[in-house]
Amino acid sequence: MTPLSTVALVVGLASLVSGHGFLKSITVDGKNYLAWQVGQDNYVNPPPVRYARQLANNGPVPDFTTNDITCGAGGNIPAQGIIELKAGDKVTFNWDQWGSSHSGPVFTYLAKCANNDCKTFKGDTGNVWVKIEQLSYNPQGHPPWASDLLREQGAKWSVTIPPKLAPGEYLLRHEILGLHVAGTRMGAQFYPSCTQIRVTQGGTTQLPAGIALPGAYKPEDPGILAELWRIQQGQTQYVAPGGPVWSEAAPNANRAGP
């Protein structure tokens, strides 16, 4: 007979795994573009055309101080497809699922592809990542945490491309940070993905200097080494990592708030 403690452990681990998720597709102007299909596309030959870079699995980045944090564990291999859109368009990220226990903030960044070519750009060096969208914790929100709002929206999250952004090729980096076990150093769970886009119509505004990924996320950052219960009881104010949202960014497409 299996001991009850073993059963409890198996159930607990299954619950954690089922709470994981990955970006499944991206919707722009009513058209759906598939991201890398975890657990399926690895076995397809020739590889299918996808619009977001390959992910190894549906789990978090194993070590957020390494190059895996740039676009997720999976080698940061450029995708074959690129989504054409206009500055000011709304992009909706469709996750396969999102678990209720993985509370935390949601971010979106942009990086201009060097030489205007995303197929030769990885974004893993230099201060190239500019935050264009963020929601974290709002005690008056329903629900307070951004990732729980994503869950309630059917595992969907939207961002508006900055309306004055200059045309060109960019990586659009979308990310959830799970803080459910972040009270332990290196326990924070980052789920990033990188979608390749080409802005065909826009303004003249170029991206400013941003942050480096890897580099900007430090293990001792209070937005990363954090205890959910202290934040939720008002014992400490939560400040998300990665710096402020760019002043040229559009209003948050999901809800107002920090």
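Observations on the model:
- Segment 15-113: C-alpha gyration tensor shape, a/c 1.5 cut-off, then a/b vs b/c: rounded
- For the chain, a Gaussian network of Cα nodes joined below 10 Å ranks Asp29, Asp89, Asp124 by mean-square fluctuation, and the top entry is Asp29.
- The count of lysine pairs in the chain that are at least 8 places apart or cross chains, and whose C-alpha atoms lie under 12 Å apart, stands at 4.
- Look at Trp157, Trp229 and count the other Cβ atoms within 10 Å of each Cβ; fewest to most, that gives Trp229, Trp157.
- Annotation: amide H of Asp89 within the under-5 Å range of Ile161, sequence separation 5 or more or interchain, hydrogens built in the peptide plane.
- From the alpha carbon centroid of segment 33-49 to that of segment 74-102 is 14 Å.
- Among Leu177, Leu225, Leu23, the largest mean-square fluctuation in a Gaussian network model of the chain, built with springs joining Cα atoms closer than 10 Å, belongs to Leu225.
- A protection proxy built from the mean count of other Cβ atoms within 10 Å ranks the segments 57-65, 126-134, most packed first, as 126-134, 57-65.
- Ranked by how many other Cβ atoms sit within 10 Å of their own Cβ, fewest first, the residues Tyr217, Tyr191 fall in the order Tyr217, Tyr191.
- Amide proton proximity set for Arg50, modelled H, under 5 Å, gap of 5+: Gln80, Gly81
- Among 108-115, 232-239, 76-83, the order from most to least packed when residues are scored by Cβ within 10 Å on average: 108-115, 76-83, 232-239
- In Hz, Karplus ³J(HN,Hα) per residue of segment 108-119 (6.51, -1.76, 1.60; θ = phi - 60°; x = Gly, Pro): 9, 10, 10, 9, 6, 6, 4, 6, 6, 9, 6, 6
- Whole-Å distance, taken between Cα centres, linking segment 114-176 and segment 194-233: 8 Å
- Rounded to the nearest Hz, the phi-derived 3J(HN,Hα) couplings of segment 154-167 under the Karplus curve 6.51 cos²θ - 1.76 cosθ + 1.60 (θ = phi - 60°) are x, 6, 10, 8, 10, 9, 9, 5, x, x, 9, 4, 5, x, where x marks glycine and proline.
- Within the chain, percent of DSSP bridges classed antiparallel, to nearest 5: 90 percent
- Acute angle (nearest 10 degrees) that the helix 4-18 long axis makes with the longest principal axis of the chain, alpha-carbon atoms: 10 degrees
- Given +1 at the Cβ of Lys and Arg, -1 at the Cβ of Asp and Glu and no other charges, the dipole of the chain around its Cα centre is 300 debye to the nearest 20.
- Think of the chain as having a plus end and a minus end, set by charges on the Cβ of Lys, Arg, Asp and Glu; of Leu135, Gln40, Ala250, Ala250 sits farthest toward the positive end of this dipole.
- Global form of segment 18-232, assessed from the alpha-carbon gyration tensor, a/c cut-off 1.5: rounded
- Each residue of segment 67-82 was assigned a 3J(HN,Hα) from its phi angle through the Karplus expression (A = 6.51, B = -1.76, C = 1.60, θ = phi - 60°), giving 5, 4, 6, 4, 9, x, 5, x, x, 6, 8, x, 6, 7, x, 9 Hz with x at Gly and Pro.
- Loop-located trypsin sites (Lys or Arg not before Pro) in segment 162-258 whose Cβ has at most 15 other Cβ within 10 Å (DSSP): Lys164, Arg185, Arg255
Computed from the coordinates by the stated procedures, all read-outs in this text should not be read as laboratory data. Just so it is clear, the structure is predicted and the values come from calculations on it, not from any experiment. When we count neighbours, we look across all protein chains shown, and the Cβ atoms used for this are built from the backbone with ideal geometry, even at glycine.
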